[in-house]
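Working notes for the structure below.
Bear in mind that the values in this text are calculations on the coordinates, not laboratory data. Keep in mind that this is a model prediction, so the values were computed, not measured. Here the Cβ positions follow ideal geometry from the backbone for every residue, glycine too, while neighbour counts run over all protein chains shown.
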Amino acid sequence: MRNDLTIYDKVAAKWWSDDIRWVRTLKNLVPGRLAWFDRHIDWQGRDVLDLGCAGGFMAEALAKRGAQVTGIDPAADAINAARAHARAGGLRIGYDVGVGESLPYDDASFDAVVCVDVLEHVADLDRVLSEVARTLRPGGLFLFDTINRNPIARLATITFAEDLLRLLPCGTHDPAMFIKPAELRAALQTAGLVPGAFTGLGPRGINRRFDLTFGPLPLTAILYMGTAQKPGQM
């Protein structure tokens, strides 16, 4: 089975335990993403949606930067884990169960929408981007990452990361759902968003547990991050 989204609920009880290597990999990606996202927005006081938040790694990092964070994900058990961890840490984060194709929020609810490790999984990319545009305020920012669609990306993410190194469970991704940067730029424009800068994302080192650490890279051939803005003034 490819694009297996049940994996997040299966490990929800241990999401914050650091016991599971692939979950630690997801956690380790957050600082690498924010090393680039932080250049594009001051999070302090911003209303931010973490779209596809899973157990809350990104949501908590944004809350600690001063954002007013809402997280949403279809994995109900992961959402429960996120709620419990935020509560234990004294963080005020709102969590909802739902999907990107039908966000349960009013128009112009957020200053920013963050969407990482999600776009290559969704059932209807155009609908998700339309919902992002609808819920962003004028001048609001969409910050995301996803996986490029080409033989190199397939080799790296499926053959190596899933099948050989087990950095992710086998079946996590369907390479047919990967998105070329030009395709994503066009889809963003169709949704009414103005694409901004794109950059690569990938391994930058190894930590004391011999897990990979991540950060921005110049090449977008495998993983890439980007921004897009809703026209208008924030």
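Below are the figures for this structure:
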| read-out | value |
| --- | --- |
| Radius of gyration and maximum dimension Dmax of the chain, Cα, Å | 16.4, 47 |
| Per-residue Cβ neighbour rank within 10 angstrom, fewest leading, M177, M225, M58, M234 | M234, M177, M225, M58 |
| In range of the label at R204: residues from the range 29-63 whose backbone nitrogen is under 14 Å from the point 7 Å along Cα→Cβ | 29-40 |
| Whole-Hz couplings from phi, Karplus 6.51/-1.76/1.60, listed for the range 165-170; x for Gly and Pro | 7, 6, 5, 9, x, 4 |
| Percent RCO, i.e. relative contact order, over the range 14-133, from Cα pairs under 8 Å lying at least 6 residues apart | 25 percent |
| Test item: Cα-centred dipole of the chain, Lys/Arg +1 and Asp/Glu -1 on Cβ, debye | 720 debye |
| Mean separation of Cα contacts under 8 Å (6+ apart) over length of the chain, as relative contact order % | 22 percent |
| Cβ charges +1 (Lys, Arg) and -1 (Asp, Glu), total dipole of the range 60-151, debye | 420 debye |
| Burial ordering of T157, T6, fewest other beta-carbon atoms within 10 Å first | T6, T157 |
| Residues C115, C53 arranged by fewest to most Cβ contacts within 10 Å | C115, C53 |
| Other-chain or far-sequence residues with amide H under 5 Å of D50's (modelled H) | T70, G71, I72, V114 |
| Radius of gyration and Dmax over the Cα atoms of the range 103-206, both given in Å | 15.1, 45 |
| Per-residue ³J(HN,Hα) for the range 48-60, Karplus 6.51 cos²θ - 1.76 cosθ + 1.60, θ = phi - 60°, Hz, x for Gly and Pro | 10, 9, 9, 8, x, 7, 6, x, x, 4, 5, 4, 5 |
